[in-house]
1. Sort 138-144, 55-61 by packing, meaning the average of other beta carbons within 10 Å per residue, with the highest value first.
2. Viscosity 0.890 mPa s, temperature 25 °C: Stokes-Einstein D of region 82-121 from its Kirkwood Cα radius, in µm² per second?
3. Quick one: accessible surface of ASP10, probe radius 1.4 Å, all protein chains present, in square angstrom to the nearest 10.
4. Tally up the carbon and sulfur contribution to the accessible surface of the chain as a whole percent, 1.4 Å probe, everything protein left in place.
5. Can you give me the distance in nm between label points at SER58 and LYS83, each placed 7 Å from the Cα along the Cα-to-Cβ direction?
6. Treat each spin label as a single point 7 Å out from the Cα along the C-beta direction, and report the PHE21 to LYS155 distance in nm.
7. So if I place +1 on the C-beta of Lys and Arg and -1 on the C-beta of Asp and Glu, and nothing else carries charge, what would the dipole magnitude of region 47-171 be about its Cα centre? I want it in debye, nearest 20.
8. Report the equivalent ellipsoid semi-axes for the chain in whole Å, largest first, defined as the square roots of five times the eigenvalues of the gyration tensor built from alpha carbon atoms.
Amino acid sequence: MEYLKRRIRDVYDFPQKGVIFRDITTLLKDPRGLHIIGWDLSQLYRDKGVTKVVGIESRGFIGGSILAFELGAGFVPVRKPGKLPADTISTSYDKEYGKDVIEIHRDAITPDDVVVIHDDVLATGGTMAAAYELVKSMNPKKIYINFIIELLDLKGRENLPAEAEVTSLITY
């Protein structure tokens, strides 16, 4: 994980003063780093019977798509309002910098699915908790939660459902 950590850029005072933004774009442009992410994420779920990976807009689409490909699973996007073309369900939630809304296609998940919800960073957990509730409302067999990075000081795990199995590749 040290190899990956060294390729993550710290951007100070972004998106607001006092915040250190962990920028994964420098990691993603590194071919070896991208390969390690895909391999390490997939090894966490290789024997879990995952049928769908849900990626949260927008950086969650990157790791989520890689994970879905590696597992031979489908990929489902969770997006901001008005970005999905068919019938959706939505939820609003508080996040670290205000309020937001996310949506998922109403037919994206079935009761036969085993789902991994993926995002790049666990900060306060608001976005992931909202995505979890959307997916849970579709009654899949099992839901896992995964991140590339977890910011421990923000205690985001405390805002995630206790029944969810949560994993992160890198912690700060």
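1. Listed from highest to lowest mean packing, they are 55-61, 138-144.
2. Answer from the Stokes-Einstein relation: 201 µm²/s.
3. 60 Å²
4. Numbers: 4390 of 8670 Å².
Roughly 51 percent, rounded to a whole number.
5. Using points 7 Å along Cα→Cβ, the separation is 0.7 nm.
6. Reported label-point gap for PHE21 and LYS155 is 2.6 nm.
7. For region 47-171, the charge dipole is close to 180 debye.
8. On the way: eigenvalues 114, 79, 41 Å².
Whole-Å semi-axes of the equivalent ellipsoid: 24, 20, 14.
The values are calculated or read from the model by the stated rules, or taken from the named source; none is laboratory data. Computed from a prediction, not measured in an experiment: that's the story for all the values here. Positions of Cβ are generated from backbone atoms using ideal geometry, with glycine treated the same way; all protein chains shown enter the neighbour counts. What goes into the accessible areas is simple: the full protein's heavy atoms, side chains included, and nothing from ligands, DNA or RNA. Shrake-Rupley method; radii C 1.70, N 1.55, O 1.52, S 1.80 Å.
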